[in-house]
Structure formats: C-alpha cells, structure tokens
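Colleague: Quick one: the structure is below, questions incoming.
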Amino acid sequence: MAVSGLVVLGATGSIGLSTLDVAARHPQRFRIVALTARADVEGMARLCARHRPAYAVMAEEAAAARLRDSLTTAGVAEVEVLAGSRALEEVAALPEADVVMAGIVGAAGLLPTLAAVRAGKRVLLANKEALVMAGPVFIEAVRRHGARLLPVDSEHNAVYQCLPPDSEPGTPPPGVRRIILTASGGPFRRTPLEALEAVTPEQAVAHPNWVMGRKISVDSATMMNKGLEIIEARWLFGLPPEAIEVVIHPQSIVHSMVEYEDGSLLAQLGQPDMRTPIAHALAWPERVPSGVEPLDLVSVGRLDFERPDPERFPCLGLARRALAAGGTAPAVLNAANEVAVEAFLAGSARFTDIPRVIAAALEDVPPVAARDLDTVLAEDRRAREAAEAVLARLRGTA
Ligand code: NAD
Ligand code: MG
C-alpha cells in the first residue's frame, strides 16, 4: 500500500488531535508531512516530538521563534519551523502532501483550505466556516482543480456515507428528496428562556455529548452550529435550502439522514466521537479502525427526536435568512458570529447578545454578489467592524 503524505491544519485543536490519533494507528498508510497551529507552542512541540513532521507552521511569528528554541532544546532537529499565513497556504499545497485535514477554526481556515483545493489534494473538510463564507467559489475550485472533498463534520460525513457512491460535490444526488441534519440541542435545550441571558462561557462550552473546541461548543449552545451546517450542506450536496431539515436528537447517535423519493430513510449511527468520520475520510473508500468503541444500541436504549424551538434558537432562523438572502450574506453571518462568540467567551457580551449582534450585522452590511474571494474577504471585514460597533452599543460605550 502506498504511503500518503498528510498535512494537518489546526493540529493542536480538537479535530487536529483526533486526526493524529487515527493516523498514528496506521503508520503504514500515513506519513505526517506538516502540522500547523496558531500560537500553542507547547502543544506543537509535543506533536513534533511525537510525529516528526517535515514542517511545523505557527501562524504567529513570535510563536514560531519560541517553537524553534523549544525543538532545539528537545533535540528535535529534523523539523523545519515556518511562520505566517502564507506558510499555512504553502504547506497545504506541498507536492509531498496527498491528504490535507482542514482543521483550523473559523475564517482563518479559508485561504489554507482553498490552497489545498487548488493544489488538487484530497481535502478533509472540518473547517465548515470556509464553505459558509465562500460556498460557490469553493465548490467551483474543487471541480476546476480536481480536488477530492470529503466532509468530516459528523452530520455531513453521515450524509455522504448515505448517498450513492461518487456523488459529485455541489450537485444534487439523484433520487434524494431531502436530508435531515441531527442536532443535540446543546446544554441549554431545557434551560428556562429567561435564564439564558445569564449563562456563563463555562456552562455554554460544557457540551452534553461531544468534546470540542470552545468556539464550536458555543455555536452548538446557540445552534448557530446547525445554522452553519445547513449552509455547509447546501454547498456540499447542491440541495435547495428547503430540502435540508434539522431535528433535535439529544443522544447524538444518529449523525444525520438521507430521505429518498421512494420513502427510504438512510441513517449513519455511531458513538459521538469525531474519530469515526475522520477515519472514514482518511481511508475512503476503504474502512480502517479508528479507536472508537463499537456502539451498543441496547445500552443507548432509546433514540428521541424533536423539532427545534425557533424562539430558543434564533440563530437557526438567522442562518436560514442569510442563506435565502444569498451572495455575501452567509459570510457576514459567519463573521458577526465569530466576533460575538469571541466577546461572549471573553466575558464582554451576554449569551443572548450573540443573535442580536448577528441580526444587526446582517442589517448593516447588505449582501452583494459573492463573485470572487476578494469580495468575500472584504465583506467579512466589514461585517466584523459592524459587529464590533453593535457590541459597543450593547455595552453602552457608543
Ligand atoms: P479548536 O479550537 O480545538 O482548534 C482550532 C485549531 O485551529 C488549533 O490548532 C488552532 O491553533 C488553530 N487556529 C485557530 N486560529 C487560527 C488562526 N487564526 N490561524 C491559524 N490557525 C488557527 O477547534 P476544533 O473544535 O478542532 O474545530 C476546528 C474546526 O472543525 C472548526 O471549523 C469546527 O467548526 C470544525 N468541527 C469541529 C468538530 C469537533 O468535534 N471539534 C466537529 C465538527 C466540525
Ligand atoms: Mg457537526
């Protein structure tokens, strides 16, 4: 079997660590070519000592200098340390890289992920924000450069597994009536509505079923995560928004479903552990062990499904509205959400301010046609400024 060169963008994060865990179980299949992170020098030094990549990239220059020192002290000589956002794009496109895990969180992942796409790699997409921001541009690049796009987000990976083999990215699969994305409902599914205003970041990131990075954990609590995933599904599978439904499934065992014209409903089930979709995408079209325990349905006992409450989860409606508005509206939605979530995590905004900030940013930055990447990035910046201004107003400082 040929060894594949693997690049892990966002190696120190939750997705990155799970990817390296799976890859390390299959050294005959994967050689680690490059690892990247923003600023976590200790985390990266540990990963370099363990996986011995040819390149390690820190997005921040100062962090790269500290990593070089740390690796020299530890006697890890063979790793070349690079710095900056251009280096992220360069390692994503290295000739010795066959597979690229897009595991950076947020808009920062867009350019490195697109660099992998444009180099025609097998791209494992966890970074849903990239597709939300630039869906049509992204899918067009996948087609043009012959990249292989494999969804890692558990819902989209589940849908992909339930679709006919070799479905074209962005093209409606034959015979499919709709897809049903499942959502856990997060930690506040039963919290009294009037208590939501005072919930803390610690409560918001304490997800009942999944262990994830802080940003996506807050997104799960607001259900903006599912809103972003509706948009992600729209571009990945080419289905109209009305053919993408969301149901709350508190056990997180059914990871999503595909409904066919004949009434068949296909589902993918498994433990809530990202190593399953990661292993699926890494080894596709083969199947390899992921380290995940088999699912014991008898001990799960029951599977419940309910409709999301639009009043409790206004972010779902905002995401649908942005998708319907089209053009750069999803990029604005995403940018405003990133700003609002960061402020909430920093203690400078309330949980209930998150949808307020996003709604106001969507008003203040009307959509334009998302013709190219520069337009998308410019509107992303405008939306961030608008969101900061709304936050300042809410704090009463403007
Ligand atoms: P995380 O916060 O745990 O890790 C993020 C990684 O990105 C880190 O390695 C960090 O160093 C890097 N990073 C952050 N900002 C950066 C920047 N400005 N420039 C370069 N690198 C940067 O996040 P995560 O939970 O692993 O999520 C990663 C992506 O995967 C997100 O888009 C998320 O929505 C998606 N995702 C995650 C899960 C999960 O279970 N964690 C599930 C589905 C989808
Ligand atoms: Mg998901």
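Colleague: Amide H neighbours of Glu80 under 5 Å, at least 5 residues apart or on other chains, H built in the peptide plane: list them.
Modeller: Amide H neighbours of Glu80, under 5 Å, 5+ apart: Tyr55, Ala56.
Colleague: Where the centre of each part is set by its Cα atoms, how far does segment 141-182 sit from segment 362-398, in angstrom?
Modeller: Each part's Cα centre sits 30 Å from the other's.
Colleague: Sticking with this one: Kindly report, to the nearest 10 Å², the accessible surface of Met1 as traced by a 1.4 Å probe over protein heavy atoms only.
Modeller: For Met1, solvent-accessible area is about 140 Å².
Colleague: Additional query: Let's test the formula: R0 of 51 Å, r as the Cβ-Cβ distance of Ala77 and Asp166. What FRET efficiency results, to the nearest 0.05?
Modeller: Calculated transfer efficiency: 0.70.
Colleague: May I ask you to derive the relative contact order of the chain, considering only C-alpha pairs under 8 Å and at least 6 residues apart, and to give it as an integer percent?
Modeller: Across the chain, relative contact order equals 14 percent.
Colleague: May I pose another question? How about Lys226: which lysines have a C-alpha closer than 19 Å to its C-alpha, ignoring those fewer than 8 places off in the same chain?
Modeller: Correct list for Lys226: Lys128, Lys215.
Colleague: In nm, to one decimal, how far is the Glu194 label point from the Glu385 one, both placed 7 Å along Cα→Cβ?
Modeller: Those two pseudo-labels are separated by 4.1 nm.
Colleague: On a 1.4 Å probe surface of the protein chains, which of Leu17, Leu391 comes out largest in accessible area, and what is the full order?
Modeller: Leu17, Leu391
Colleague: Grab the Cα-Cα distance for Ala39 and Met1, subtract it from 0.36 nm times how many residues apart they are, and report the gain in nm with one decimal.
Modeller: Full extension of this stretch gives 10.1 nm more.
Colleague: Where in segment 358-395 does the amide nitrogen come within less than 16 Å of the point 7 Å from the Cα of Ser85, taken along Cα to Cβ?
Modeller: Once the point is set 7 Å along Cα→Cβ of Ser85, 373-385 turn out to lie under 16 Å by backbone N, inside segment 358-395.
Colleague: Need one number: % antiparallel among DSSP beta bridges in the chain, to the nearest 5.
Modeller: 25 percent
Colleague: Turning to a different aspect of this structure: How would you classify segment 4-151 from its alpha-carbon gyration tensor, with a ≥ b ≥ c the square roots of the eigenvalues: rounded for a/c under 1.5, else prolate if a/b is greater than b/c, otherwise oblate?
Modeller: Taking the square roots of the gyration eigenvalues as a ≥ b ≥ c, segment 4-151 is prolate.
Colleague: Averaged per residue, what accessible area in Å² does segment 4-151 show with a 1.4 Å probe, protein chains only?
Modeller: Per residue, segment 4-151 has an accessible area of 38 Å².
Colleague: Further question: In segment 15-152, what percent of the accessible surface is made up of carbon and sulfur (1.4 Å probe, ligands and nucleic acids excluded)?
Modeller: 50 percent
Colleague: Please list the radius of gyration and Dmax for the chain, considering alpha-carbon atoms only, with Å as the unit.
Modeller: Cα radius of gyration and Dmax of the chain are 20.4, 63 Å respectively.
Colleague: Stretched out fully, how many nm does the piece from Val300 to Glu242 gain, at 0.36 nm a residue minus the Cα gap?
Modeller: Once the chain is fully extended between Val300 and Glu242, it gains 17.7 nm.
Colleague: For a quick check of understanding: with a 1.4 angstrom probe and all protein chains in place, what accessible area in square angstrom does Leu377 have, to the nearest ten?
Modeller: That residue has around 40 Å² of solvent-accessible surface.
Colleague: Roll a 1.4 Å probe over the protein heavy atoms and report the accessible area of Asp166 in Å², nearest 10.
Modeller: Surface accessible to solvent at Asp166 totals approximately 100 Å².
The values are calculated or read from the model by the stated rules, or taken from the named source; none is laboratory data. Worth saying up front: this structure is predicted, and the values here are computed from it rather than measured. Glycine also receives a Cβ, built like all others from the backbone with ideal geometry; neighbour counts cover every protein chain displayed. When the accessible area is computed, the model is the full protein with side chains, heavy atoms only, and any ligands, DNA or RNA have been set aside. Shrake-Rupley method; radii C 1.70, N 1.55, O 1.52, S 1.80 Å.
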